[in-house]
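Novice: Provided herewith is a single structure, encoded as C-alpha cells, for subsequent inquiry.
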Amino acid sequence: MRPFKTINWNYLSLIFRGAMAARLWLVAYAVLIIIPASIFLYLYSQRYSHILEEEVTRTMLQTLKQAEINLDHQFNSIRDTSNSLFTNPNLLKYLKVAATPADQLEALKELRYIIDNAKTNLNVFRVRIYVDEDKLFSHEKFNFFPLDSIQSRPWYGEIAEAGGMMTWTGAYLENYIDVGETYIFSNLRMLRDPDHYDILPGVLSVDMDVRQVDSILSTIQLNKDQTVYMLAPDGKIVLHSDKKLLGTKLSSTAVLNAVQTNAEGVSPIAEGNRDLYVVYTTINATGWKLVAEVPKKGINSRAVSLNQFSSVATLTGVTVMFLILVFILMAFIVQGMNRRVQTVIRAIKREGLEGLEDRSGTMAIGDFKVLENSVDHLIHRVRDLMEETYTTKVQEREAQLRALQAQINPHFLYNTLDTINWIAIGRGAQDISQMIDSLAKYFRLSLNKGKDVVTVTDELELAKVYLEIQQTRFPKSFEFAIVIQSTGSSEDGTDAAAELSAFFIPKLTLQPIVENALLHGIRKSKGKTGTITLTAAIDGDELTLTVRDDGIGMEPAFAQSLLTEPRPTMRSDGSGSSYGLYNVNERIKLFTGEAQGLFIESQLGEGTTITARFPRRPISQKEHLS
C-alpha cells in the first residue's frame, strides 16, 4: 500500500495539470474567438450604421413624396376649376355687359350662378373676380372687387406678364368680409377678350385655404425636430409654419443650392453648427419644392427600430463564428484524448473485458486509472442499456413525431392572422382584411387538423378560397363558378349540397387542378382572361368532380402524358406547383383503386376539362384521424 503523502501528491499533480490546460484553452479562446468577434462586431456596426442611415433617409423621401402626391391633387383641382371658369364663354359675356343698371344686375345674377357652380369643388375656398370700377357690382367685395385693388399687390406684375396663363401666389393673409383674416393660396390669371385683346375685362382669382395644405403637411412625421416648408423656384418661401417668413428669400444658401439641383432627393448639409439632411421633392402642379429639414441626430431614433434586425443578424453571425471556432478547438481536444483512449482500446482487444476488470484493482492511481475505471463503468452501463434499447427507440420515435407536430401550430397561425385582420379593419384597409380572411380560411381548410381525407364540401370551399385569393392577385382576369348537381336534388341544389358531406376524398385534390386551369390555361391565353367552372355531380353512389377552363388548351397527347409522367412541381418563377396532375392521379388511385383517377380532355385553343371520379365508401377511423 502506497503512503498517504504519495497518493495526495498524485491528486494535487492531476489538479495542477488540469488548471494549466484550462488556462491555455482560455487564452486560445480569447485569441481565436473574443478578439476576432470584437473586431467583426465593430466593423459590422460601422457598416450597418451607414446602411441604416441610407434606409431611413430613403423612407423619409418616400413619406415626403406621398405628401407631394396629395398636394399635387389639391392644387390640380384648383387649376381645373380655374380652367373651367376661364373657358366658360358666359363669364366674358357677362363681364362685358353694357353699363345699364338692369343689365348689370342680370349679369351679376348669372355670374354668381357660374361662381357657385365652381365652388362645388370642395378645395375652392373663394372665387374672386377683379373688374373695372364702372361695373356696379365691382364693390360687392364678396366675389367681385375693383381691379385697382390688386394692382398694388407685389405679384400683380407677374400676372400681367403671364397674360392669360395661370400664376400661383405663395401663402398670404387676406381679409374677407365674411370670415375675416385667412391665409390663402391664389391661382390668378388675366381674363382677355379674344376679339379685343387689348381690353382687360378682369382678373380671375381662385383661392385655396392654407389650412387644407397644412393638414397634409401635418401627416409628414419624419422626427420631432423636423422643419417642413415650401419654396418657389426663385427661392422664396411660399409656405412656412412661421408666417413671418412668407415671401422672404430662404436664408440658407446651402439648402437652396441642394434643392435646386434635382427634382427630388436627399442631401446632407453641414452649415455652421447645423448638421442635417434636406429631403425635397417637386410639386408638379405649381413647380414649388416641398422641403423637409431633418437634423442628423434625429436619424438615430429612427434607426433604433431598424437596428433590432441588425442585432439579430449580428448575433447570428457571432454564433456561427463561435461554433466554428469551438469545433476547431474541440478537434484538438479530441485528438489528444483519442490517443489515450486508443491505449485503453488496445488493452481491451489484447486482454478482453475480463482482463480489463482484473486489472482495474491493480492499476496505479493516475490518469490511466481514472480513464480505465470510466471505461469499465461504461462497459457495464452498455450491457444495461442494451436491455432498454427497444423502449428508447419507441420513445425517440414519439419525440420525433411530437417535434414534427410542434413545427406548425395552426391555432397560433389562425390567431395571428385574425389579429392582422383586425388591425387592417381598424385602419380601414378592407381589401387587406378580405385577403387575410381568405388566407386564414385557406390554411384552415388545407391543414384540416392534420387529417388526410376531407369531405367534398370542404374541398370545394378550399378551391373557392384559393380562387378568391387569386382573383385579388389577378383582378378582372378570370371568373369562376361552382355548380352542384344530383339526380335526386331539388332545383336549387340544396339536397345535392347536403349529399356532398357523405363523400370523402384525399385532401388537396382540387386545388392543384384549379391552379393549373388558372396558370396554364387562362393566364397563358392571349387575353389572359377566362372562366373556370367547378362541377360536383352526384349520380347514385358515384361522385364526379369536373374542372373546366376556356383557356389556351393543349395537345391531347401532351395532356395524357401529364397523367403518366411525373413532371417538375415548380413554375418557372420558382413559386407554386406546375402540372402536378401525376401526383394527384396517383393519390386518387391509391384512395379508390386503379379503375378511378383523373381524365383529361383538351384541344389547343378550346380549353381543358379535367374529371375525377370517386365512389361513395366509408372512411376508417385511422384515415379520418390521420
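Novice: Ile199 - would you say it is aliphatic (A, V, I, L, M), within 28 Å of Val131 (Cβ to Cβ) and surrounded by fewer than 18 Cβ atoms within 10 Å (Cβ to Cβ)?
Specialist: Yes: the conditions hold for Ile199.
Novice: Please pick out the residue among Leu52, Leu43, Leu91, Leu71 that is aliphatic (A, V, I, L, M), closer than 30 Å to Met190 by Cβ and at pLDDT below 85.
Specialist: Leu91
Novice: For the stretch 490-558, please list each of the strands (runs of 3 or more DSSP E) lying entirely inside it that holds at least 1 residues being modelled with pLDDT of 90 or more and assigned by TED's automatic domain parsing to the domain that holds Asn585.
Specialist: 530-539, 542-549
Novice: Please go through the stretch 262-290 and pick out each residue that is touching a residue at least 24 places away in the same chain (Cβ under 8 Å), surrounded by 22 or more Cβ atoms within 10 Å (Cβ to Cβ) and either polar (S, T, N, Q) or within 21 Å of Lys224 (Cβ to Cβ) (or both).
Specialist: If the condition is that a residue be touching a residue at least 24 places away in the same chain (Cβ under 8 Å), surrounded by 22 or more Cβ atoms within 10 Å (Cβ to Cβ) and either polar (S, T, N, Q) or within 21 Å of Lys224 (Cβ to Cβ) (or both), then Tyr277, Val279, Tyr280, Thr281, Thr286, Leu290 are the ones that fit.
Novice: Only residues that are of a type in the set (S, T, N, Q) and under 16 Å from Ser77 (Cα atoms): list them for the stretch 170-193, please.
Specialist: Ser186, Asn187
Novice: When the stretch 223-250 is examined, which residues are found to be assigned to a loop (DSSP other than H, G, I, E, B), over 19 Å from Ala263 (Cβ atoms) and either in contact with a Leu (Cβ under 8 Å, 6 or more places away or on another chain) or among the polar types (S, T, N, Q) (or both)?
Specialist: Asn223, Gln226, His240, Ser241, Leu246, Thr248
Novice: What number of residues within the stretch 234-250 are under 24 Å from Lys65 (Cβ atoms) and exposed (fewer than 13 other Cβ atoms within 10 Å of the Cβ)?
Specialist: Summing the residues that are under 24 Å from Lys65 (Cβ atoms) and exposed (fewer than 13 other Cβ atoms within 10 Å of the Cβ) in the stretch 234-250 gives 2.
Novice: If Asn223 passes every condition in (1) surrounded by 15 or more Cβ atoms within 10 Å (Cβ to Cβ); (2) in contact with a helix residue (DSSP H, G or I) (Cβ under 6 Å, 6 or more places away or on another chain); (3) at pLDDT 85 or above but one, which one does it miss?
Specialist: (3)
Novice: Residues that are over 24 Å from Asn88 (Cβ atoms): find the strands (runs of 3 or more DSSP E) completely inside the stretch 121-219 holding 2 or more of those.
Specialist: Fully inside the stretch 121-219 and qualifying: 172-176, 180-191.
Novice: Specify which of the listed residues (Tyr94, Tyr113) is surrounded by 18 or more Cβ atoms within 10 Å (Cβ to Cβ) and among the hydroxyl-bearing types (Ser, Thr, Tyr).
Specialist: Only one candidate passes the filter, namely Tyr94.
Novice: Hey, could you check the stretch 607-626 for residues that are over 38 Å from the mean Cα position of the chain (by Cα) and assigned to a loop (DSSP other than H, G, I, E, B) and say which is modelled with the lowest pLDDT?
Specialist: Residue satisfying both the conditions and the ranking: Ser620.
Novice: Separate question: Pairs please, first residue from the stretch 536-555 and within 9 Å of Thr608 (Cβ to Cβ), second anywhere and charged (D, E, K, R), Cβ atoms under 7 Å, 6+ apart in sequence or on different chains.
Specialist: What qualifies is Gly551/Lys524; Ile552/Lys524; Gly553/Glu606.
Novice: Okay, next question. Of all residues in the stretch 150-176 being in contact with a helix residue (DSSP H, G or I) (Cβ under 8 Å, 6 or more places away or on another chain) and either in contact (Cβ under 8 Å) with a residue 40 or more places away in the chain or not β-branched (Val, Ile, Thr) (or both), which is surrounded by the fewest Cβ atoms within 10 Å (Cβ to Cβ)?
Specialist: For the stretch 150-176, the residue satisfying everything is Leu173.
The values are calculated or read from the model by the stated rules, or taken from the named source; none is laboratory data. It should be emphasised that the depicted structure is a prediction, and the values quoted were computed from it without experimental measurement. Neighbour counts are summed over all protein chains in view; Cβ atoms, including those assigned to glycine, are modelled from backbone coordinates with ideal geometry.
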